[in-house]
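J.: Before I ask anything, here is the structure I am working with.
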Amino acid sequence: MRPRLFDATASIAAFGLLGPLVTACGSSGSDGDRTTLRVVAAEYGDSPATSSKAYWDKLTTAFTAAHPGKKVEVTLYPWADVDREVTRMVEEGNAPDVALMGAYSDFAAEGRLYAASELLTVRAESNFLPPLAEAGSVRDILYGLPFVASSRLLFYNEELFEKAGAKPPKTWSELRAAAQALKDSGVPYPYALPLGPEEAHAEALIWELSNGGGYADDSGGYSIASEQNTQTFRWIKDNLVAPGLTGPVPPAELNRQDAFAAFLRGEVGMLNGYPSLLHEARAKGIKVGTLSMPVSDTLSDEQVPPSVGVADWMMVFKHEDNRELAGEFLEFVYKDKNINEFAGRYHLLPSTVTATQTSKDAAADPSGEKFLTALRTARLYPVNEPSWLQVSNIIKRNIGKAVAPSADPKVVLEDIAQQAEETAKDE
């Protein structure tokens, strides 16, 4: 339902991870005298051992120790539920003070959120990485504060490549050649192409950007059926899907998690991934190489496409007496050590300039620095469009059809574009 970074499952509820983490005894006072801050956050873990509870317990304890008389109450919900729960609270007139979730622009469009300039010092507001700050802004005003982020790189199994005599690709034609060599050597998924409904919009954008396309044009409107995007999906269909280089599962039926699981079993030669998958693969002893996404052979040497970036968003709902305390809390959350601790816990990337400079994960791992380098110039989804949640769902349900054997990619993209346009008009 959103550009999420880490998929927590609904089974979290069974572990008792929902509900308040810090029970506050304070209460709201008069204007400027708020003593309790209510925070709703997505759960990034999938078991008690990996739950975000430990992080928030430690953080809120430190914050309240530094701010005597103030309390912070944190409630966690699984990713599958958090957007719906916050929306319900808003509709019931009981919005939390702070929310950490996957989307913000619909609330910003309704005038429910504070701008970052009303909450943070100039130094803190200007510290967010530029691509993230741009994606978090509506009409150049920052409402969605990026919390943690991720970028995508092409992963390749070095042992499978060596066995197949394949070379790491830099262009689409080289990717096709490597995939053919992998197939000839018996690799089940030479290139895993997850265009199933789970996260097809990510894989699609990676390919679109590598040919100079994307979801939005310079004017801010959707450009889903652009000529570049049409060329991209036609190439994928003719050069990867038709020759059987994407594996036994049709791309429209292959979800990201299934592709990742196959990669961790050693059945995938290449796929696009993010830092936490790299960590898992290495833990299993898989030798993984990382590259920027290969580019279309039609791009000139001067054209360097951005990678795909994804972020999750912190936002503050307007209440008459919460701005000061919320601002103090966010200043604390975005201290380098605090944001890096959370990012490191889940093998994600911090969202601020100074935190990326001090990230221990990046310093210890050249691949970590590659992800950070990619993030600094990444292109994010158009999350500042209030219609994006609905449009992304349309893309996820339909984009895989563009590479089906009997499909005309142009017709499929034009149908998606028409649905997107109608959705945007309704917002």
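J.: Output the qualifying pairs, or none if there are none: Cβ atoms under 6 angstrom, residues six or more apart or on different chains, first residue in the stretch 237-257 and over 17 Å from ASN393 (Cα atoms), second residue open to solvent by less than 40 Å² (accessible area, probe 1.4 Å) and part of a helix (DSSP H, G or I).
T.: Pairs that qualify, where the first residue is over 17 Å from ASN393 (Cα atoms) and the partner is open to solvent by less than 40 Å² (accessible area, probe 1.4 Å) and part of a helix (DSSP H, G or I), are LYS237/VAL403; VAL241/VAL403; LEU245/ALA179; THR246/LEU240.
J.: Also, I was wondering about something else. With the requirement that a residue be under 26 Å from GLU267 (Cβ atoms), assigned to a loop (DSSP other than H, G, I, E, B) and open to solvent by less than 10 Å² (accessible area, probe 1.4 Å), what does the stretch 282-337 give you?
T.: PRO294
J.: Is it true that some residue in the stretch 340-360 is touching a strand residue (DSSP E or B) at 6+ places or on another chain (Cβ under 7 Å), more than 30 Å from ASP97 (Cβ to Cβ) and surrounded by fewer than 16 Cβ atoms within 10 Å (Cβ to Cβ)?
T.: For the stretch 340-360, residues touching a strand residue (DSSP E or B) at 6+ places or on another chain (Cβ under 7 Å), more than 30 Å from ASP97 (Cβ to Cβ) and surrounded by fewer than 16 Cβ atoms within 10 Å (Cβ to Cβ): absent.
J.: If you don't mind, another one. Could you tell me whether any residue of the stretch 396-406 is within 30 Å of LEU254 (Cβ to Cβ) and free of Cβ contacts under 8 Å to residues at least 24 places away in the same chain?
T.: Going through the stretch 396-406, the residues within 30 Å of LEU254 (Cβ to Cβ) turn out to be 396-406.
Next, from what is left, pick out any that are free of Cβ contacts under 8 Å to residues at least 24 places away in the same chain: 398, 406.
The answer is yes; a qualifying residue exists.
J.: Here's a follow-up. Got a sec? Which of GLY289, GLY285 is closer than 17 Å to GLU159 by Cα, modelled with pLDDT of 95 or more, under 22 Å from the mean Cα position of the chain (by Cα) and of a type in the set (Gly, Ala, Ser)? So that I can check it myself, show each step before the final result.
T.: Details: GLY285 fails: under 22 Å from the mean Cα position of the chain (by Cα).
Exactly one residue qualifies, and that residue is GLY289.
J.: Look at the stretch 175-201 and say how many of its residues are assigned to a helix (DSSP H, G or I), farther than 23 Å from GLN390 by Cα and not aliphatic (A, V, I, L, M).
T.: Just the residues of the stretch 175-201 that are assigned to a helix (DSSP H, G or I), to begin with: 175-184, 200-201.
So of that shortlist, the ones also farther than 23 Å from GLN390 by Cα come out as 175-184.
Filter once more, so that each one left must be not aliphatic (A, V, I, L, M): 176, 180, 183-184.
Number of matching residues: 4.
J.: Please verify whether the stretch 146-159 includes one or more residues that are under 30 Å from LEU245 (Cα atoms), surrounded by 16 or more Cβ atoms within 10 Å (Cβ to Cβ), out of contact with any Phe, Trp or Tyr (no Cβ under 8 Å at 6 or more places or on another chain) and not acidic (Asp, Glu).
T.: Initial filter on the stretch 146-159 (under 30 Å from LEU245 (Cα atoms)): 150-159.
Add one more test, that the residue is surrounded by 16 or more Cβ atoms within 10 Å (Cβ to Cβ), and what stays is 150-157.
Keeping just the survivors that are out of contact with any Phe, Trp or Tyr (no Cβ under 8 Å at 6 or more places or on another chain) gives 154, 156.
Now drop any that are not not acidic (Asp, Glu), which leaves 154, 156.
The answer is yes, given that some residue of the stretch 146-159 is under 30 Å from LEU245 (Cα atoms), surrounded by 16 or more Cβ atoms within 10 Å (Cβ to Cβ), out of contact with any Phe, Trp or Tyr (no Cβ under 8 Å at 6 or more places or on another chain) and not acidic (Asp, Glu).
J.: Hey, another quick one. Can you tell me how many residues in the stretch 261-273 are assigned to a helix (DSSP H, G or I) and surrounded by fewer than 22 Cβ atoms within 10 Å (Cβ to Cβ)?
T.: Taking the stretch 261-273 as the starting set, the residues that turn out to be assigned to a helix (DSSP H, G or I) are 261-264.
Within this subset, residues satisfying the condition of being surrounded by fewer than 22 Cβ atoms within 10 Å (Cβ to Cβ) are 261-262, 264.
Count: 3.
J.: Quick check on ALA103: is it at pLDDT below 95 and either acidic (Asp, Glu) or not in a strand (DSSP E or B) (or both)? I'd like the intermediate steps shown before the answer.
T.: Numbers: at pLDDT below 95: yes; either acidic (Asp, Glu) or not in a strand (DSSP E or B) (or both): yes.
Answer is yes for this residue.
J.: Give the residues of the stretch 193-227 that are of a type in the set (Gly, Ala, Ser) and open to solvent by 10 Å² or more (accessible area, probe 1.4 Å), sorted by residue number.
T.: To start, the set of residues in the stretch 193-227 that are of a type in the set (Gly, Ala, Ser) comprises 196, 200, 202, 204, 210, 212-214, 216, 219-221, 223, 225-226.
Once the filter is applied, which keeps residues that are of a type in the set (Gly, Ala, Ser) and open to solvent by 10 Å² or more (accessible area, probe 1.4 Å), the stretch 193-227 yields GLY212, GLY213, ALA216, SER219, GLY220, GLY221, SER223, ALA225, SER226.
J.: Restricting to the stretch 106-150, what's the tally of residues that are in a loop (DSSP other than H, G, I, E, B) and of a type outside the set (Val, Ile, Thr)?
T.: Number of matching residues: 15.
J.: Further, regarding this structure: Looking at ALA204, is it assigned to a helix (DSSP H, G or I), within 30 Å of ASP140 (Cβ to Cβ) and modelled with pLDDT of 95 or more?
T.: Details: assigned to a helix (DSSP H, G or I): yes; within 30 Å of ASP140 (Cβ to Cβ): yes; modelled with pLDDT of 95 or more: yes.
In short, yes.
Each row is one residue, and each column tells you yes or no for (1) closer than 21 Å to TRP235 by Cα; (2) more than 19 Å from the chain's Cα centre (by Cα).
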{"residue": "LEU145", "(1), (2)": "no, no"}
{"residue": "ASN157", "(1), (2)": "no, yes"}
{"residue": "PHE161", "(1), (2)": "no, yes"}
{"residue": "ALA166", "(1), (2)": "yes, yes"}
{"residue": "PRO169", "(1), (2)": "yes, yes"}
{"residue": "ALA178", "(1), (2)": "yes, yes"}
{"residue": "LYS183", "(1), (2)": "yes, yes"}
{"residue": "TYR191", "(1), (2)": "yes, yes"}
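J.: Same structure again: For the stretch 362-385, enumerate the residues that are over 15 Å from ALA149 (Cα atoms), modelled with pLDDT under 90 and of a type outside the set (Asp, Glu).
T.: ALA363, ALA364, PRO366, SER367
J.: Continuing with the same structure: Please go through the stretch 35-57 and pick out each residue that is open to solvent by 10 Å² or more (accessible area, probe 1.4 Å), without any contact (Cβ under 8 Å) to a residue 40 or more places away in the chain and of a type in the set (D, E, K, R).
T.: ASP46, LYS53, ASP57
The values are calculated or read from the model by the stated rules, or taken from the named source; none is laboratory data. Here the structure is a predicted model, which means the values were calculated and not measured. Neighbour counts run over all protein chains shown; Cβ positions are idealised from the backbone, glycine included. These accessible areas exclude ligands, DNA and RNA; they are computed on the full protein's heavy atoms, side chains included. Shrake-Rupley method; radii C 1.70, N 1.55, O 1.52, S 1.80 Å.
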